[in-house]
Amino acid sequence: MAKVAIRVNGKRHVVEAARDTPLLYVLRNDLHLRGPRFGCGLAQCGACTVQIDGEPTRSCVTAVGDVVDHKITTLEGLGTEEKPGPVQEAFIAHQAAQCGYCTNGMIVAADAFLAAHPDPTEDEIKRAMTPYLCRCGTHFRIVAAIKAAAEAKR
């Protein structure tokens, strides 16, 4: 165990962890953030997605020691209950969540996608969201929400 300093949602945190500890565990257990979720533990479902320097990253397979000196953004860093971010607001308005388990990772990924592609086509949105698994089947609502968020951000 060692002291590891990470920057999450604009704030510096020092945690006691082995450098190979999955970032997801530090975010949930040490920082008590509930945005990133444990899904598969194999980087296949996307429930644990966070942004590292603006890039969507699976936190379940990312070692905390590898993200020192990087900017980490979780769902909590995109908005609040009182003032949701544009993607969060669009997901709410389009009822893009059913059980809601995958939604946090999808919102974080969609936010990063829209930062890089502010005027995406429907096909581009579908391709970008393909790696994220929604077992409830709300994909059509998710695509509609991302289209609306893109329009709101412009």
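Database remark: amide H of GLY79 closer than 5 angstrom to the amide H of GLY85 (H placed geometrically; neighbours at sequence offset of 5 or more, or on other chains; Pro and chain starts carry no H). Taking packing as the residue-averaged number of other Cβ atoms within 10 angstrom, the listed peptides 137-143, 85-91 run from highest to lowest as 85-91, 137-143.
For HIS32 and HIS139, a Förster radius of 25 Å and the Cβ-Cβ distance give a FRET efficiency of 0.25, rounded to the nearest 0.05.
Report the gain in length on full extension from ARG12 to ALA93: 0.36 nm times residue separation, minus Cα-Cα distance, nm rounded to one decimal.
On the way: separation 81, 0.36 × 81 = 29.16 nm, distance 3.27 nm.
Gain in length upon complete extension: 25.9 nm.
Phi angles across the stretch 59-70 convert, under the Karplus curve 6.51 cos²θ - 1.76 cosθ + 1.60 with θ = phi - 60°, into 3J(HN,Hα) values of 6, 6, 10, 9, 6, 4, x, 7, 10, 4, 6, 10 Hz, Gly and Pro given as x.
Here the 3J(HN,Hα) profile of the stretch 100-112, calculated from phi with Karplus coefficients 6.51, -1.76 and 1.60 at θ = phi - 60°, is x, 5, 7, 4, 4, x, 5, 5, 4, 5, 5, 4, 5 Hz, Gly and Pro shown as x.
If you wrap the stretch 2-75's Cα atoms in a convex hull and average its projection over all directions, what's the area in nm²? Display every interim value, and only then the final one.
Values: hull surface 16.3 nm².
Result: a mean projected hull area of 4.1 nm².
Prolate is the label for the chain, because the ratio a/c of its alpha-carbon gyration tensor axes (a ≥ b ≥ c) is 1.5 or higher and a/b is greater than b/c.
What the phi angles of the stretch 142-154 give under the Karplus curve with 6.51, -1.76 and 1.60, with θ = phi - 60°, is a coupling list of 5, 4, 4, 5, 5, 4, 5, 5, 4, 5, 5, 6, 6 Hz, glycine and proline written as x.
Between the stretch 28-49 and the stretch 69-88, the C-alpha centres lie 15 angstrom from each other.
Laboratory data are not the source of any read-out in this text; all were calculated from the coordinates shown. As the structure is a prediction and not an experimental result, all values here were calculated from the model. Every residue, glycine among them, receives a Cβ derived from its backbone with ideal geometry; neighbour counts consider all protein chains shown.
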